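These notes are about the structure you will find just below.
Any read-out appearing in this document is the output of simple, stated calculations on the displayed coordinates, not a laboratory observation. Computed from a predicted structure; not experimentally measured. Note that each Cβ is placed from the backbone with ideal geometry, even for glycine, and that neighbours are counted across all protein chains shown.
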Amino acid sequence: MKGMSLIVRTITRLLAGFILVYGAHIVLYGHLTPGGGFAGGVMLACGLILLVLAFGKDGALEIVSENAASAWDCIGALAFWLIAVLGFTGGYFFLNFVGKGEPFNLISAGTLMWSNIAIGIKVWACLFLVFVVLAAFRIRDEG
Amino acid sequence: MGPYILCSMILLLGVYAVVAKKNLIKIVIGLLIIEYAVNLMLVLVGYKAGGEAPILTEAGQQTTNFVDPLPQALIVTSIVIGLGLTAMVVALCIRLYEKYGTFDVLLIRRLRG
Amino acid sequence: MLFLLYSLLIFMIVGAVIAIETRDLLSSVICVGAMGLGLAIIFLLLGAPDLAIVQVVVEVLSLVLLLRVVLMREDVTIAHRYRYGEVFATATALLFFGVFIMLASTAYKQMPQFGNPILKVSQDYISNGFAKARAPNLVTAVLLDFRAYDTLGEATVIFTAIIGSLVILRKRGRIRDEGNEPDS
């Protein structure tokens, strides 16, 4: 799949960093402001899909390859399950076992921040992978 | 009761598109419309008149006037799952187009292999 | 505020009718996009900013996916032939709509009125949510602390849906002839 024109590529180089940082902000501050793991994960996927659209499939696969995206997908899902199982140390499954700090700080509310990060990684890797495979699919006599 | 009836009309339009249309893309669009209607219905049920968003801004805030947070938590995941469903249905459409060369449902049913 | 809600709902209904009935597939996809953005504004009016963020971003990605299919060839619209069954199908659909709306309004009278939810389960979450989970965002606290099992199930569903679409698009197969190698 080819990329797009020079104007689009230049603007993408300037903007993609901002989109990724904003997505990471929404994931990390998910327990203080509206957002959370799902919203931030989809936004991170949008930033990388912008790279696929502007630079073509090969340009984006140099940054994150397909095997790496697949690995991050599994890591995200397993990390969420691990946080749940570690709740057994406190008593029962999914117990909020990390100590709760001061409210309205960044590191507070126990396992909520780590769960948000795990889900953000999982959703981002998933959506990026499915989009790259859809973009790379060539019908046999397509130009 | 007014918003509920309008939301049911959106749902019925989506069902009509899935059942009675011949073009495969219109069927996919009908699926998307059904999904919008279902998500909207559940959030409408949980709305409290004059309420605010369920987010605290200072430590001792009164929580008497909040909208119901439980439907919102479930619909967040439902919207993202809808995106995964759209991706899978679009993948099926691409495969069907590659094999049969058309998006017409009646022709796909007749050409076997 | 109620007037704005009604006008946005009617905007969504008009957009749905245009998206279904028009023959040009590109206009149809754009109308679905407009419906999705109207839905995001309705979510903001109903006090759900979390949902509005997710709806806007997911809407953009759905549009990109649909455009990938629609713009594959130049001639994806199909010829419109009038068949006798089509008038019958439309009339039956309208009749069914009428019956459904009549029965549904009887059922909606039994539900609590729009604007006064019963809040039987959520009253506990609203009153004690901040004290128990120490998170100011009650929606995230419900999603990841009180109802974390459901979130685990939903993460599994997303995983399965994506694996399903990857399996459908796999290109490995029998080697048909000499010049055709299976790419992965």
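Below, the figures for the structure above:
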| read-out | value |
| --- | --- |
| Gain on full stretching of the segment that runs from C:Leu45 to C:Thr90 - 0.36 nm per residue minus C-alpha separation | 12.7 nm |
| Dimensions (Å) - chain C, Cα atoms, principal axes, largest first | 69, 46, 26 |
| Convex hull volume per residue in cubic angstrom - Cα atoms of segment A:8-55 | 53 |
| Computed FRET value (nearest 0.05) for C:Ala34 with C:Arg170, which takes r as the C-beta separation and R₀ as 35 Å | 0.50 |
| Distance between modelled label sites at A:Arg9 and C:Gln113, nm, 7 Å Cα→Cβ extension | 6.3 |
| Ellipticity estimate at 222 nm from DSSP helix runs (n ≥ 4, -39,500 (n - 2.57)) divided over chain B, nearest 500 | -24000 deg cm²/dmol |
| Shielding by partners, peptide C:40-49 (average Cβ within 10 angstrom, other chains) | 6 |
| Principal-axis tilt of helix C:84-110 within chain C, Cα atoms, nearest 10 degrees | 10 |
| Dimensions (Å) - segment B:7-56, Cα atoms, principal axes, largest first | 49, 19, 10 |
| Under DSSP loop assignment and at most 10 Cβ neighbours within 10 Å, longest GluC sites (Glu not before Pro)-free interval of chain C | C:75-177 |
| Segment B:47-113: projected area of the alpha-carbon convex hull, averaged over directions, in nm² | 7.7 |
| With eigenvalues of the C-alpha gyration tensor scaled by 5 and rooted, chain B, Å | 41, 17, 7 |
| Share of alpha-carbon pairs per 10 Å distance bin for the protein assembly as shown, given as whole % | 4, 19, 28, 26, 16, 6, 1, 0 |
| Proxy reagent accessibility, fewest Cβ within 10 Å first, across B:Ile25, C:Ile163 | C:Ile163, B:Ile25 |
| R0 of 22 Å, Cβ-Cβ distance B:Lys48-C:Thr160: FRET efficiency to nearest 0.05 | 0.05 |
| Over segment C:1-74: Kirkwood hydrodynamic radius from C-alpha pairwise inverse distances, Å | 13.0 |
| With Cα atoms, 0 to 90° folded angle of helix C:25-45 axis to chain C main axis | 10 |
